Structure formats: C-alpha cells, structure tokens
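A.B. asks: Before we start, here is the structure in question, set down as structure tokens.
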Amino acid sequence: MILKEFDFKKSGIQSWDEVFSHPQPLTLKIIKTGSVVINRRGTINPVHPNAVNVPSEDLEVPILSYLVRHEEQGNYLLDAGLDASYHIDSRGELEGSDVDKFYQGLNENIAIHLKGIKLKGVFFSHLHADHAVGQRELSKNIFYVVGKGEYDDYRPDVHGDFLDGMQTLYEMDFSQADVILPMGPSVDLLGDGSLWAISTPGHTQGHISFLVNGLDGPVFLTMDTAFIRENLERRVAPGDYTWDVEMAQETLEKIIKFLKMYPQVRVGPGHEL
Ligand SMILES: [Zn+2]
C-alpha cells in the first residue's frame, strides 16, 4: 500500500450560506450493502447525562454507502460498504483477533448496486470494515481517499486486512482546508461547491462527514458521528467503537449547531435510513 497526499485547492468560500446559494447538478443515492447488530446503550453513550434511561437492547441497523452522480463531473462513492463475501461468511473471510460480524442478503453487495456505473473514486468516511471492505470488489483503477491520520490506526491484525488489494490510498490533509464555521475544516472535493468533505474527528481520528449540495437542497451525511437519529435527538454521541468519546461529543454538538443554523439542510445518520 502506498500512501499519497490528496491534492485539492482551497475554495476561498467562507460561509455555508455562500455554498447553499450555488447548488449543483448532482444526485445522491443511498445504498444498503448489509446490516450490523449494535446495542442501543453504547450507540447512545450511556455515560452522558441525556442517556441515563437508554435501555440495553440489540438494534439491527443498515450498513450504508452513498452514490453521488454529478451531471458534469461523473460518479463518486462515499464509503464502500460490504463486498459479496459477507453473504456466505459474516466475517467476510477476514482474519484477525477481533473481526466484526456483518450480515448480508443475496445480491446486496456494493458491486451489484454499481453495475453499469463507472466510478471515478471513493471517499471513505473512515476505516472501519463496514465502511471500507467493499473496496475488495471495486476497480483498482479509481482513486481512494481517506482523512489524514486515519490510516495510522489501521490494525489488520485485529480487525482483518479489509484494505487487501488496494494499491494507493490518498490522504486528505484538513490542516490545508478552508475553515467554514461552525463546522471547521472543509474541502470542496470537486471544486464547484457540490460535494464537501468536512473534518469530524472523534469516532476515529480522521473521520469525515459529507455535504451534498444538490439542486433539491443540501444533505449532510453524518457518517459515524451519529449512528442513528436518536444520537441527534438526544444530543448524545455514540460511545461504542469510538476512538475519543469526548471529541466525538464535541463534534456531534457542532453538527447539531450547524443543522440549527441551516434548517434547510436534511440530515442522514450513518446507520439509519
Ligand atoms: Zn465506524
């Protein structure tokens, strides 16, 4: 695996109002490639005072990817979901001391959803298997991008080598990005204000959320800063599977502030349709 720096230009944009006043011709399609069982207590950090009455119960939630189709700039994938191996093996044939289990129906894998669609690249929100392992069945002639620092925490011995087969991974350095408040470092991925990567650390070190600025209104994809809508409603970030719970909470509060400032923005949590 070769790590390279993802090249982008500062847009000079200083406010989300400016972004939203120039929507672009792109559409967003949500793709489900499987499901995972999580516990409500932990999905909602039980230590937080707003979460004292959250019951311990299993939730089966979807594993999601997003296809972004830009009329002029082509097709991009946000997270790669699961490849077909999960239909027969809940561990996706990965070897490691703590490999996550996921479930998949027949023909739910990412390549089936993308049949006939030519992708230019994949942007990963973060490197947890349920967001990345689908890359194993995608073309290697496209680019793959992750937030800088994310790969430092990649542990194939523990979670399995789900980046197997990838030749080059590009890292996005948010310290070089425009800072657009209240969110912070934000990268104009396609250079026309249509698709934004926003630094949202906490769930993992290099975690990214996305904003799709389409003609039918902006959509903010929290990815794993909020697993389910209840995270946003209770204003409590997840505690489970989280690199820095305190930072994850700060990031979630920033997102809630952003959504309050811009009520026209629709929001999609990372594991709820
Ligand atoms: Zn995750």
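A.B. asks: Return yes or no: is D192 more than 24 Å from K32 (Cα to Cα), within 16 Å of the ligand (Cβ to nearest atom) and touching a residue at least 12 places away in the same chain (Cβ under 8 Å)?
C.D. replies: no
A.B. asks: Within 16 Å of the ligand (Cβ to nearest atom), touching a residue at least 40 places away in the same chain (Cβ under 8 Å), surrounded by 21 or more Cβ atoms within 10 Å (Cβ to Cβ) and of a type in the set (D, E) - does that describe any residue in region 238-257?
C.D. replies: Looking for residues that are within 16 Å of the ligand (Cβ to nearest atom), touching a residue at least 40 places away in the same chain (Cβ under 8 Å), surrounded by 21 or more Cβ atoms within 10 Å (Cβ to Cβ) and of a type in the set (D, E), one finds none in region 238-257, hence no.
A.B. asks: Further question on the same structure: Within region 110-127, track down each residue that is part of a loop (DSSP other than H, G, I, E, B) and surrounded by fewer than 23 Cβ atoms within 10 Å (Cβ to Cβ).
C.D. replies: Listed by number, the residues that qualify are L114, K115, G116, I117, K118.
A.B. asks: In addition: Restricting attention to region 159-177, which residues are within 19 Å of the chain's Cα centre (by Cα), closer than 14 Å to L3 by Cα and assigned to a loop (DSSP other than H, G, I, E, B)?
C.D. replies: Of everything in region 159-177, those that are within 19 Å of the chain's Cα centre (by Cα), closer than 14 Å to L3 by Cα and assigned to a loop (DSSP other than H, G, I, E, B) turn out to be L163, M166, D173.
A.B. asks: Can you tell me which residue in region 245-273 is nearest to V61 (Cα to Cα), limited to those that are β-branched (V, I, T) and under 16 Å from the mean Cα position of the chain (by Cα)?
C.D. replies: Here the answer is V267.
A.B. asks: Another question about this same structure. Hey, any hits in region 65-81 for a residue that's within 16 Å of the ligand (Cβ to nearest atom), aliphatic (A, V, I, L, M), closer than 22 Å to H207 by Cα and not in a loop (DSSP other than H, G, I, E, B)?
C.D. replies: yes
A.B. asks: Anything in region 144-157 that is under 26 Å from E72 (Cα atoms), away from the ligand (no atom under 15 Å from the Cβ) and touching a residue at least 40 places away in the same chain (Cβ under 8 Å)? List them, or say none.
C.D. replies: The one that is under 26 Å from E72 (Cα atoms), away from the ligand (no atom under 15 Å from the Cβ) and touching a residue at least 40 places away in the same chain (Cβ under 8 Å): V145.
A.B. asks: Tell me, yes or no, whether region 109-118 has at least one residue that is within 16 Å of the ligand (Cβ to nearest atom) and not acidic (D, E).
C.D. replies: No.
A.B. asks: Conditions: (1) under 27 Å from L252 (Cβ atoms); (2) touching a helix residue (DSSP H, G or I) at 6+ places or on another chain (Cβ under 6 Å). A197 meets all but one. Number of the miss?
C.D. replies: The failed condition is (2).
Every read-out reported here was derived from the displayed coordinates using simple, explicitly stated rules and does not represent laboratory data. Treat the numbers as computed from the prediction; the structure is a model and nothing was measured. Because the Cβ atoms are built from the backbone with ideal geometry, glycine has one as well, and the counts that use them run over all protein chains shown.
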